[in-house]
Structures are given as C-alpha cells and as structure tokens.
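Q: Handing you this structure, nothing more for now.
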Amino acid sequence: MKEILQYLFNHHTLSKSEAKAMMIEIAQNKFNAAEVTAFISVFLMRNITLNELEGFREALLQMAVPVDLDASDAIDIVGTGGDGKNTINISTLASFVVAGAGQKVTKHGNYGASTTTGSSNVLEELGYQFKNNTEQLNEDLNRANICFLHAPYFHPALQSVGLLRKSLGLRTFFNLLGPLVNPAKPQFSMIGVYNLEIARIYQYLLQKEKREFILVHGLDGYDEISLTGDSKIITKSGESIYSAEDLGFNPVTLEDIKAGNSIQETAKIFMNILKGKGSEQQNSVVLANVSTALYHTGKFDTYENCLLLARESLQSGKALKSFELLINA
C-alpha cells in the first residue's frame, strides 16, 4: 500500500486494472484502517477518473453475492448521496410510489455515511429485515412489486469499510459506486448525481451498456430532482434542463423538503408522506422523481400520463400498500 499511496500522492492516477486490484485487496482486509483512510483521502482531494471508477466497479461486481431476480424490466431509483442537503428520502419514497404504479423496482441502498438517514436506515427503523436470499427477494418482488437489496449484504468491500466511512462522515468514492453496483442489474436505472463532472463520468461509463439509464442533477447541487431550481436530465439520447414548472409543479425551498434531525424523525416524515399526509411540496418532489422514472421506462406515451399514474399511486394508497407488503412479509 505504501508504494501505491506514494504514487497517488505524486499526482498520478490508477489504471483500470490497478484500481480493480486495490478494491479486491481492500475487501480482503489486507490493509489496516489508517492505510485505507489514506487511500480514500486521495479521492477527497481530487475527482475520481473514469478508469478508476470502472476498476473499482468491476471489482465490486466480481465479488458481489449473486442474486437472480425475476424482473427483466425492473428499475432502480438511487442517488449518490453526499450532496450535503439533508433532504427527505426522495429516491426511496419514489421507489414505493413507482412500485404502487405497477412498475417493478429492485432498490439498492445502504446506511447513510455522509448523511443522517440513508435508505437502509429508514427502512430498518420502520421494521424491514434485510435479506440476501434470492427466493425471499423474489417473493417480495412478486408480492409488493419491490425488493430491497442492502448493499453490505451483497458487497463484502462495502461491509469492510462501512464503519470507516461512517466515522469519516464525508462523501467518498464509495458514494459513487453504490448506484453502479446493484447486484440485480436492473434494466433501467435512474441515478441522482451531486455534480455535473461526476454525471459526465457516469455518462461515459453507462453509455457502453445495453441497459438504459437516466442521470438527474439539481443544478443547485442536489442529487435528485429537487424542484428547488432547474434540473438537468441526461439519457443515452441527449440531455435537457427542466424547471419545476416544466415538470408540472411549483418550485419548493430546501426547508420544504428537509429531513428530520434523527433517523426516527426522518422515518416519521417518510411514513406521513406515504400515508398521504405529506405537504404539497414534499409530495411534489417525490412525484416529480416518480413521473420521470416511469417515463424513462418507455412504457408510457407521455410524461403527463406518468404524472397521473404517480399521483394515483400515492393518493389512492397503492404506494403505502407496496410498503406494507414489503415490511410485513
């Protein structure tokens, strides 16, 4: 490790194969906490390169616990996290509304490392028991239209550095890997990214694959469609900028979509929204992301129809039903 660190401290970058080898050795606990912290710190001082991201990703996918899910047209709605905004769990809420609208979801998530409440935190607080058994996950998917894959159960490297990431409390390159290593390999991915430079790297990486992707970025620094400002949406066919009004909503403020100060508070807000008791602004942000995700699947002719489906899923209780079927399995 000492040689690699010296190499990186001299402003060099890793090749794809070097990055892959490093991630495998980290997962195998070949280095102590100080060495891994120093390695991670390199990428706090500069952006990761495409080769490095590809290498780290290949390693994680190669080592992942395999899962075979009956969902050839599923979607994952996920963000990198690390935008520092401490918003409600928009992508997780959107996942249940999408499931309630009839679209299968294979949601990949983790505990919050640079935020108070990640998707795993809120679901665990609300009673969900993590699973890595294919049969159980398929049962969840068939019953609730959604299953949840807790990242450390499928990625030994993420498990080995989990405490270290939490103690750092900073956005690291592991934030970037999470959305790219869903072991279910869904056909569709809607990924929120916290800055445009990272969006470009994701775009280069994902363009090579047959699976479809959509990247979303709030231009005022959010890793989702936040409606606090304009959003950039990038797909294989191009990119566009949308205002809140373009998406059918009024603008909101950061205060409107703030999470709680604890996991318990945030979980309570989460359930209020699913039960139809959310504020207009909270509902709007969730529905904007849901509508965009549904439209991305190509199953619906217009965005407006997707918005109608999204509203109906939330307001009729279908989204809540999907949540209850998953939690009470």
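Q: Could you check, for the stretch 105-122, whether at least one of its residues is hydroxyl-bearing (Ser, Thr, Tyr), touching a strand residue (DSSP E or B) at 6+ places or on another chain (Cβ under 6 Å) and outside any helix (DSSP H, G or I)?
A: Yes, the stretch 105-122 contains a residue that is hydroxyl-bearing (Ser, Thr, Tyr), touching a strand residue (DSSP E or B) at 6+ places or on another chain (Cβ under 6 Å) and outside any helix (DSSP H, G or I).
Q: Taking the conditions exactly as written (open to solvent by 30 Å² or more (accessible area, probe 1.4 Å), free of Cβ contacts under 8 Å to residues at least 60 places away in the same chain, within 30 Å of ILE40 (Cα to Cα) and out of contact with any Pro (no Cβ under 9 Å at 6 or more places or on another chain)), does LYS258 satisfy them or not?
A: Spelling it out, it is not the case that LYS258 is open to solvent by 30 Å² or more (accessible area, probe 1.4 Å), free of Cβ contacts under 8 Å to residues at least 60 places away in the same chain, within 30 Å of ILE40 (Cα to Cα) and out of contact with any Pro (no Cβ under 9 Å at 6 or more places or on another chain).
Q: Sort out which residues of the stretch 224-255 are in contact with a Pro (Cβ under 8 Å, 6 or more places away or on another chain) and buried (at least 20 other Cβ atoms within 10 Å of the Cβ), and write them in order of number.
A: Within the stretch 224-255, LEU227, THR228, ALA244 qualify.
Q: For the stretch 7-26, enumerate the residues that are exposed (fewer than 14 other Cβ atoms within 10 Å of the Cβ) and either part of a helix (DSSP H, G or I) or on the phi > 0 side of the Ramachandran plot (or both).
A: Result: PHE9, HIS11, SER17.
Q: Still on this structure: Determine which member of the set ALA101, ALA94, ALA64 is small (Gly, Ala, Ser), in contact with a Pro (Cβ under 7 Å, 6 or more places away or on another chain) and over 17 Å from PHE173 (Cα atoms).
A: Result of the check over ALA101, ALA94, ALA64: ALA64.
Q: If LEU274 satisfies all but one of (1) touching a Leu at 6+ places or on another chain (Cβ under 8 Å); (2) exposed (fewer than 14 other Cβ atoms within 10 Å of the Cβ), what's the number of the condition it fails?
A: The one condition LEU274 does not meet is (2).
Q: Take the residues of the stretch 304-319 that are part of a helix (DSSP H, G or I) and open to solvent by less than 30 Å² (accessible area, probe 1.4 Å): which is nearest to CYS147 (Cα to Cα)?
A: ALA319
Q: Of the conditions (1) over 16 Å from THR172 (Cβ atoms); (2) charged (D, E, K, R); (3) free of Cβ contacts under 8 Å to residues at least 60 places away in the same chain; (4) assigned to a helix (DSSP H, G or I), GLU54 clears all except one; give me its number.
A: Result: GLU54 fails condition (3) only.
Here is a yes/no grid of residues against (1) hydrophobic (A, V, I, L, M, F, W, C); (2) closer than 25 Å to ASN138 by Cα; (3) free of Cβ contacts under 8 Å to residues at least 24 places away in the same chain:
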site	(1), (2), (3)
LEU274	yes, yes, no
GLN281	no, no, no
ALA288	yes, no, no
LEU294	yes, yes, no
ASP301	no, no, yes
ALA310	yes, yes, no
SER313	no, yes, no
GLY317	no, yes, no
PHE323	yes, yes, no
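Q: In the stretch 264-303, what count of residues is obtained for those that are under 19 Å from ALA99 (Cβ atoms), of a type in the set (Val, Ile, Thr) and assigned to a loop (DSSP other than H, G, I, E, B)?
A: Counting residues in the stretch 264-303 that are under 19 Å from ALA99 (Cβ atoms), of a type in the set (Val, Ile, Thr) and assigned to a loop (DSSP other than H, G, I, E, B) gives 1.
Yes/no matrix, rows are residues, columns are (1) open to solvent by 10 Å² or more (accessible area, probe 1.4 Å); (2) under 18 Å from the mean Cα position of the chain (by Cα); (3) farther than 23 Å from ILE269 by Cα:
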| position | (1), (2), (3) |
| --- | --- |
| HIS108 | no, yes, no |
| GLU125 | yes, no, no |
| PHE130 | yes, yes, no |
| ASN133 | yes, no, yes |
| ASP140 | no, no, yes |
| HIS150 | no, yes, no |
| HIS155 | no, yes, yes |
| LEU164 | yes, no, yes |
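Q: Oh, and also: Please go through the stretch 144-189 and pick out each residue that is closer than 30 Å to LYS236 by Cα, part of a loop (DSSP other than H, G, I, E, B) and either free of Cβ contacts under 8 Å to residues at least 40 places away in the same chain or not polar (S, T, N, Q) (or both).
A: Within the stretch 144-189, HIS155, ARG171, VAL181, PRO183, ALA184, LYS185, PRO186 qualify.
Q: Taking the stretch 175-216, which residues are open to solvent by 10 Å² or more (accessible area, probe 1.4 Å), of a type in the set (Ser, Thr, Tyr) and either under 14 Å from the mean Cα position of the chain (by Cα) or on the phi > 0 side of the Ramachandran plot (or both)?
A: Residues satisfying the conditions are SER189, TYR194.
Per-residue answers, yes or no, for (1) more than 19 Å from THR235 (Cβ to Cβ); (2) not aromatic (Phe, Trp, Tyr):
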site	(1), (2)
ALA259	yes, yes
ILE263	yes, yes
LYS268	yes, yes
GLY276	yes, yes
ALA288	no, yes
SER291	no, yes
TYR295	no, no
LEU314	yes, yes
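The values are calculated or read from the model by the stated rules, or taken from the named source; none is laboratory data. Predicted, not measured: the structure shown is a model, and the values here were computed from it. For neighbour counting, all protein chains shown are included, and Cβ atoms are generated from backbone atoms with ideal geometry for every residue, glycine included. Side chains included, ligands, DNA and RNA excluded: accessible areas come from the protein's heavy atoms. Shrake-Rupley method; radii C 1.70, N 1.55, O 1.52, S 1.80 Å.
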